[in-house]
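Here's the structure we're looking at; comments come further down.
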Protein chains: 2
Amino acid sequence: MSEETILERRKRLLGAGAPLFYDEPVHIVRGEGVYLYDADGKEYLDVYNNVPNVGHCHPHVVEALHRQSTLLNVHTRYLHETVLDYAERLTALHDETLSMAFFTCSGTEANELALRMARFITGGQGIICSNATYHGNSEAVDELATLFHDGRTGSKRVKAVPYPESYRPISDTEGAALADEYAELVRKAIEEFKEEGIGFAGLLFCPIFANEGLPKVPDTYMAKAVALVREAGGLYIADEVQSGFARTGEHMWGYQVSAVAPDIATMGKPMGNGHPLAGLVARADLVNDFRKEVMYFNTFGGNPVQCAVGMAVLDVIEKENLQENSKLVGEYIRKGLRKLKDKHEIIGDVRGHGLFNGLELVKDRTTKEGATAETSRVVNELKERGILLSKIGIQDNILKMRPPLPFSTENADLLLSTLDDVLRGI
Amino acid sequence: MSEETILERRKRLLGAGAPLFYDEPVHIVRGEGVYLYDADGKEYLDVYNNVPNVGHCHPHVVEALHRQSTLLNVHTRYLHETVLDYAERLTALHDETLSMAFFTCSGTEANELALRMARFITGGQGIICSNATYHGNSEAVDELATLFHDGRTGSKRVKAVPYPESYRPISDTEGAALADEYAELVRKAIEEFKEEGIGFAGLLFCPIFANEGLPKVPDTYMAKAVALVREAGGLYIADEVQSGFARTGEHMWGYQVSAVAPDIATMGKPMGNGHPLAGLVARADLVNDFRKEVMYFNTFGGNPVQCAVGMAVLDVIEKENLQENSKLVGEYIRKGLRKLKDKHEIIGDVRGHGLFNGLELVKDRTTKEGATAETSRVVNELKERGILLSKIGIQDNILKMRPPLPFSTENADLLLSTLDDVLRGI
């Protein structure tokens, strides 16, 4: 079937506005490891997809999915052990205070539940998020989607604070002094919630500020911000949907980058390598207080198939040393990107953690005006040359590099040399 | 592992309040067709689970899941055809006005999206639901959970109207006159929304009022209620999460029982036979208007694995004539239940559609006081005798019978004779 026919069917069945990547979309038919293949057999190096975290169609994960689907797939109101084995293994990987788990089908559902828990437990409604973020697609979670609304939140009960931006900071201080200036904005938001009678429930951040463009967060910022949140009786919710499961290389979880454990950590995308599996871990007292009063049940959440898949993903991360690979290959990529920065004036900044990196493209290194159109051209040109990645940031001018974790230095070399070549032509 | 150890681990890892069936929970390890098996090898006839709609671990569905998981599992922002094939097949099964689809991971997400669409499109906030319902676990959808809050909604923007109760109707009229009385309450709720400045967005019902206890709805009620909704500029959202996919026997969709097509139909539970697959179909103009303005993306929604599984479920429904089976065996069960009613004074009413039936147990046929404690004893005693079912209704006094669709007349005989025996001992 031709791409035009597919596009026409898509418009008819899903609507013209259904989101699609690239000026000329790719028609993907197969995935394996770090590669995707289109209908013509063309190979693409996947530098975008974090959902197939341990590689597209990983045989160990597929086998676990198949085996458990053949045996039993039923809800958690009967006893079965797989959900307990997985909850035990997952909480053991987290900070020891996060000892209980809920399972859901998507990161949106996990963030929904975390917000419900925080508001129920604190009795306050106010939630602080960043001013360039996105955490999911439900009504309550969409109130935090400042990235798509010029920094504005969707409700009075959600306030956005500027994220700790390192490339265009709010003042010319740095380090602890800059951290203090950003943390002061959190304090102010909390105070406003209290004055307005909304009350305060907590702060929800991606701990590496992925959608914001992976800023280099001043060392002391998270500790200061979270201390203010807790003093005010609020909870810190870390959204690990993008930053979790060894993505940052140095750590299993994004919150470990700043060494501040949250009260609730939500997870999603990479958790099931593409199988709809998500959830949260939280302090036991929070879960028990919530469970005591609120009937929460998730039909598919925690079923034996989800949990068998989740365990298989953890198996592969461990057996294939993917956290170490994320760290080493991530460093290798950043080193290569910094070399490209010496050659290409358009590169304003290189940032990232492990195999999650951002390359900020600017029109001018002094004004730091985002090279938005050029970034789009780079993304489309890379696709033509067989490399899939995307862009982020409020100016849409940051190349987002977030491949499956089994990404090798050879894969990195191809990415870097192709990027070098494309940037030469921009 | 002993059941006590499992319960202790569950309490420690999921919390004491995690919902569980039965006074002494069952430990299930395997499922096949209409049977579940516990750790001791005991066989249970499954008269509860509608999620494994075409039978537990159906080999055709498992094979499709396995095949597609081996090939490709990626989001819908690349082109792939499986999502289009499935959307085409699914919309073709619906009323011709419902020609576009969205895919999500759960019925909750589908209802969330339907509410967002209705509110966005109408500009109103007001939603009407029934006074004994449940549609999902997110904050916005939970506002409709009147079943757990004595008929009260969770917000001023949601009003509950009494569902068209047939066993304890609001007046001693019947037929069209009774339908008019119930519809008048819908008209009144719409008026109140307008007077209160909340505006009106629409009405969301399970078209067979499953959680309400499967009342015999007066023939003209739905047409009247929906006409009022549309006159006031609102949308009719049918929640097909329980009533869809041939459950009612006579029809593929619950809304066909009253022959009133909705503007949006949401689907979930049985759609993927246990795989997290859900979504909605809607009028094309609604989808296009919403898509034009609102960025909605669902990471796992519509991925090729979901859609391959969804198609396999439709294959089985067709090839195994499960809609016809649902109709015939459902009628057979209701006939048997009516015979039991002649024998057992505790049976107040027999109701249902296809393979979704309710048996209302009462202390007294004149006062119709619910036999709540007795119903619980029946459910637990049936479990001891190898039959799994549950209860519904605001008094928790209605036995809920909703087995996988390949339920045979032999299975029905076992259900009926065991129930007869248990009721004799109550």
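The values are calculated or read from the model by the stated rules, or taken from the named source; none is laboratory data. In this text the structure is predicted, and so the values were computed from the model without any measurement. Quick reminder, even Gly has a Cβ in these numbers, built from the backbone with ideal geometry, and neighbours come from all protein chains shown.
Anything in region B:261-299 that is of a type in the set (A, V, I, L, M, F, W, C), over 18 Å from residue B:90 (Cα atoms) and part of a loop (DSSP other than H, G, I, E, B)? List them, or say none.
B:294, B:295, B:297
Select from region B:348-370 the residues that are farther than 15 Å from residue B:389 by Cβ and more than 19 Å from the chain's Cα centre (by Cα) and list them in ascending order.
Within region B:348-370, B:348, B:349, B:362, B:363, B:364, B:365, B:366, B:367, B:368, B:369, B:370 meet the criteria.
Find all pairs meeting these conditions: Cβ atoms under 8 angstrom apart; at least six residues apart or on different chains; first residue within region A:80-103 and closer than 16 Å to residue B:27 by Cβ; second residue at pLDDT 95 or above and in a loop (DSSP other than H, G, I, E, B).
The qualifying pairs are A:80/A:72; A:80/A:74; A:83/A:76; A:83/A:302; A:83/A:303; A:83/B:14; A:84/B:14.
Residue A:214: outside any loop (DSSP other than H, G, I, E, B) and surrounded by 18 or more Cβ atoms within 10 Å (Cβ to Cβ), yes or no?
For residue A:214, the condition - outside any loop (DSSP other than H, G, I, E, B) and surrounded by 18 or more Cβ atoms within 10 Å (Cβ to Cβ) - is not met.
Looking only at residues that are under 18 Å from residue B:240 (Cβ atoms) and facing another protein chain (nearest Cβ under 10 Å) in region B:119-137, which one is surrounded by the most Cβ atoms within 10 Å (Cβ to Cβ)?
Across region B:119-137, the extreme among qualifying residues is B:136.
Among (1) surrounded by fewer than 19 Cβ atoms within 10 Å (Cβ to Cβ); (2) within 14 Å of chain A (Cβ to nearest Cβ), which single condition is residue B:227 missing?
(2)
Select from region A:100-118 the residues that are facing another protein chain (nearest Cβ under 10 Å) and farther than 23 Å from residue A:192 by Cβ and list them in ascending order.
Answer for region A:100-118, where residues must be facing another protein chain (nearest Cβ under 10 Å) and farther than 23 Å from residue A:192 by Cβ: A:100, A:101, A:102, A:103, A:104, A:105, A:106, A:107, A:108, A:109, A:112, A:113.
Quick one: what pairs do we get from region A:137-165, first residue in a strand (DSSP E or B), second aromatic (Phe, Trp, Tyr) and surrounded by 20 or more Cβ atoms within 10 Å (Cβ to Cβ), C-beta under 9 Å, 6+ apart or different chains?
Final answer for the pair search is A:159/A:193; A:161/A:182.
In contact (Cβ under 8 Å) with a residue 60 or more places away in the chain, under 21 Å from the mean Cα position of the chain (by Cα) and buried (at least 24 other Cβ atoms within 10 Å of the Cβ) - does that describe any residue in region B:283-299?
Among the residues of region B:283-299, not one is in contact (Cβ under 8 Å) with a residue 60 or more places away in the chain, under 21 Å from the mean Cα position of the chain (by Cα) and buried (at least 24 other Cβ atoms within 10 Å of the Cβ), which makes the answer no.
Per-residue answers, yes or no, for (1) in contact with a helix residue (DSSP H, G or I) (Cβ under 7 Å, 6 or more places away or on another chain); (2) surrounded by fewer than 23 Cβ atoms within 10 Å (Cβ to Cβ); (3) more than 7 Å from every other protein chain (Cβ to nearest Cβ):
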position: B:19; (1), (2), (3): no, yes, no
position: B:24; (1), (2), (3): no, yes, yes
position: B:47; (1), (2), (3): yes, no, yes
position: B:79; (1), (2), (3): yes, no, no
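Can you tell me which condition residue A:209 does not meet? The list is (1) farther than 23 Å from residue B:140 by Cβ; (2) free of Cβ contacts under 8 Å to residues at least 40 places away in the same chain, and all the others hold.
So the condition that residue A:209 fails would be (2).
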